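Below: one structure, written as structure tokens.
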């Protein structure tokens, strides 16, 4: 299998963070995800999406990340899902 | 199913469409009617009532529906066509709780084919699931899967999947028994004409997977699919069934002709990942779940006119595709896009294999499995000789079923010195 491109990895990390598979970045520090954590997050995403659990950003996984979807995260954080705005 | 952790404490919820899509082919009446039906889908199963209110009321609606673009004053800006489609807020005491937002830059449709826009009813049912307290589900048939899965058919006939139903009833209990299908509120407008649905009756009896005798079995992207009549089961790579309940063929394989009630063989094509389903003397090619083009004759793969197949599989050792019928098999070269010469050959080249298998598939570890009746024959990776202990009952290994009581000795292939009476 070919190595995922830097663009795919960047998209993947952004996507995995947005939908709750990776923790949100700390505002005061630059954060680099360890390969193992990233692989685990990809596996969880693949399991959720019904894909083979390879832990790799393969073409099927990247294509799934491009699919139209609901904005809400798949994995709900401890603080709950919604950052609500009071009207 | 997944729960958000919040739930409405009241059983009658008010709703209102606060803003409509701009420049959409859908009229405001159609949008309101689709919202009504999407809410009713959840209401009829739980006894929750949904009441549409006007903008002049003293109280804001519990579920306020908006079509918005880009940043729209919550934490989930929309991104234009594609990407994110909609979102909704879970139940609670905040004024935004329950509210549902659709990306106005999508091409919202109703009654169109998949690919011609985004079906508003399907997305609305999903979002209202959030409004009632459900999170995203990974269950294959769930409307709460996070990815858009295409139109779901006629709104007046749509029913929640078992997964969604159980999640909803965990939160709100079951609806009173009589009358079960009474709408929670009279529609404000006559329902739009629904698209035709494949004729799959929900009253159709579900087959027993432990009986074996599958029509087709295939490894598709690491999962094993077991087809029987208009149903199929999925076995995950971990060895777990996605659900003990089968899924409906036509709900999943979009575009498969409605009259096609049996899949005789299936396999995932090696070079491009396309999935081929065979029935009778024809086959259909799918990209993911969507049909590509029309039915094709088996003659394209080198079989004589009118011939059918019992089993098809791609052998990873040489990348070739094998098509089996009775005691014979053909070999097809996917790379050259032509059948190999010198076929058919006798299936006995696969030593120990049963003739006319129900299907053949290759596992994720590279072993080849022939299936027939309620048994399987395993050929270790790269080998054309069946394991000594073949055949084995397939139920305990694959389908979470108890081991059968019947002896397996009579299933050995080869000549049989026995008499068969009608009572046996």
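Derivation of every value follows stated rules applied to the coordinates shown; laboratory data play no part. These numbers were taken from a predicted model, which means no experiment stands behind them. Heads up, the Cβs are rebuilt from the backbone with ideal geometry, glycines too, and the neighbour counts pull from every protein chain shown.
Within 20 Å of residue B:225 (Cβ to Cβ) and part of a loop (DSSP other than H, G, I, E, B): which single residue out of B:364, B:318 fits that description?
Checking each option against the conditions leaves just B:364.
Output the residues belonging to the range B:77-98 that are under 20 Å from residue B:122 (Cα atoms) and within 8 Å of chain A (Cβ to nearest Cβ).
B:78, B:82, B:83, B:84, B:85, B:86, B:87, B:88, B:89, B:90
Take the range B:62-76 and flag every residue that is touching a strand residue (DSSP E or B) at 6+ places or on another chain (Cβ under 6 Å), more than 7 Å from every other protein chain (Cβ to nearest Cβ) and over 11 Å from residue B:131 (Cβ atoms).
Passing the criteria: B:66, B:67, B:68.
Does residue B:126 qualify as being more than 14 Å from chain A (Cβ to nearest Cβ), in contact with a strand residue (DSSP E or B) (Cβ under 8 Å, 6 or more places away or on another chain) and buried (at least 18 other Cβ atoms within 10 Å of the Cβ)?
no
Looking only at the range B:154-166, which residues are out of contact with any helix residue (DSSP H, G or I) (no Cβ under 8 Å at 6 or more places or on another chain) and either buried (at least 19 other Cβ atoms within 10 Å of the Cβ) or within 16 Å of residue B:245 (Cα to Cα) (or both)?
B:161, B:162, B:163, B:166
Take the range A:38-48 and flag every residue that is crowded, with 18+ Cβ neighbours inside 10 Å and facing chain B (nearest Cβ under 9 Å).
Once the filter is applied, which keeps residues that are crowded, with 18+ Cβ neighbours inside 10 Å and facing chain B (nearest Cβ under 9 Å), the range A:38-48 yields only A:48.
As an exercise: evaluate residue B:141 against (1) touching a residue at least 60 places away in the same chain (Cβ under 8 Å); (2) facing chain A (nearest Cβ under 9 Å); (3) over 22 Å from residue B:17 (Cβ atoms) and give the number of the one condition it does not meet.
(2)
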